[in-house]
Amino acid sequence: MIDLADNLVRQIGLLYRAMMKALETETAPLGIGSGRISYMFMLYINEGMTQQEMANRLQADKGAVARTLAQLEEQGYVSRRRDPSDKRVTRVYLTDKSKALQGDLEKAVERVITRLNEDIAVGEEDIIKIQLTQMLKSLSAHYASPRLKRQQANN
């Protein structure tokens, strides 16, 4: 029988919740919630993405992405504009307010990552990444939605 109190899946879940709580604590003074950080960093790296591209990268529901972007837009962090060459496409852009926040957000995330890794021996971080990547790959290959499987087959 599986030990539901102490297994790898539970540990990963607890780690995720602890990281989100740490990110929430670190970013609270900046006025941006931990759930929105991934949106901001995605745009810092590749501004002008479409909502669909963001949903694909986040592996999130299009509706959830649209709601979060609406909140970010309302708070003045992003703007959504029609693509001039294809009016059917909406692209997402950073505002001056969010650009000014980039350095502080990076430092906040860096503090959490540093804390997360502080007791990991040199070289073990790479091993953990490889193992987690393999676990994700195994689950994704087996449980991916038919739409995601088609996308992966086309890439």
Unit-weight point scatterers at every alpha-carbon of region 32-96, Debye formula, q = 0.25 1/Å: log10 I(q)/I(0) is -1.16
Would you calculate, for the chain, the mean residue ellipticity at 222 nm contributed by helices, counting each DSSP H stretch of 4 or more residues as -39,500 (n - 2.57) and dividing by all residues, to the nearest 500?
-22000 deg cm²/dmol
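Counting only C-alpha contacts under 8 Å and six or more residues apart, can you give the relative contact order of the chain as a whole percent?
On the way: 98 pairs, mean separation 31.0, N = 155.
Taking the mean separation of contacting Cα pairs over the length of the chain, I get 20 percent.
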Near Gln51, within a Cβ-to-Cβ distance under 10 Å, what is the net charge of the other residues, with Lys and Arg +1 and Asp and Glu -1?
+2
With a Cα-only, solvent-free Debye model of region 8-119, what are the log10 I(q)/I(0) values at q = 0.13, 0.20, 0.21 Å⁻¹?
-0.54, -1.11, -1.19
Search the structure for amide H atoms under 5 Å from the amide H of Met49, placed 1.01 Å from N in the peptide plane, and list their residues when 5 or more places away or on another chain.
Val92
Return the lysines within reach of Lys107: Cα separation strictly under 30 angstrom, same-chain partners fewer than 8 residues apart disregarded; answer none if there are no such residues.
Lys21, Lys62, Lys97, Lys99, Lys129, Lys137
Mind ordering 118-124, 27-33 by average Cβ neighbours within 10 Å, highest first?
27-33, 118-124
Can you check what the net charge comes to around Asn117, using other residues whose Cβ is under 12 Å from the Cβ of Asn117 (Lys, Arg +1; Asp, Glu -1)?
-3
For the chain, find the longest principal axis of its Cα atoms and tell me its angle to the long axis of helix 62-74, 0 to 90°, nearest 10.
60
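Near Leu14, within a Cβ-to-Cβ distance under 11 Å, what is the net charge of the other residues, with Lys and Arg +1 and Asp and Glu -1?
Details: positive: Arg10, Arg17, Lys21; negative: Asp6.
Net of charged neighbours comes to +2.
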May I ask you to evaluate 6.51 cos²θ - 1.76 cosθ + 1.60, the Karplus curve with θ = phi - 60°, for each residue of region 94-100 and list the ³J(HN,Hα) values in order in whole Hz, giving x for glycine and proline?
6, 9, 4, 4, 6, 5, 5
Per residue of region 109-114, in order, report the coupling 6.51 cos²θ - 1.76 cosθ + 1.60 (Karplus, θ = phi - 60°) as ³J(HN,Hα) in whole Hz, putting x for Gly and Pro.
5, 4, 4, 5, 4, 4
Relative contact order computed over region 22-108 (Cα-Cα under 8 Å; 6+ residues apart), in percent:
32
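Bear in mind that the values in this text are calculations on the coordinates, not laboratory data. Every value quoted in this text rests on a predicted model; they were computed, and no experiment measured them. Using ideal geometry, Cβ is built from the backbone for each residue, glycine included, and neighbour counts are taken over all protein chains shown.
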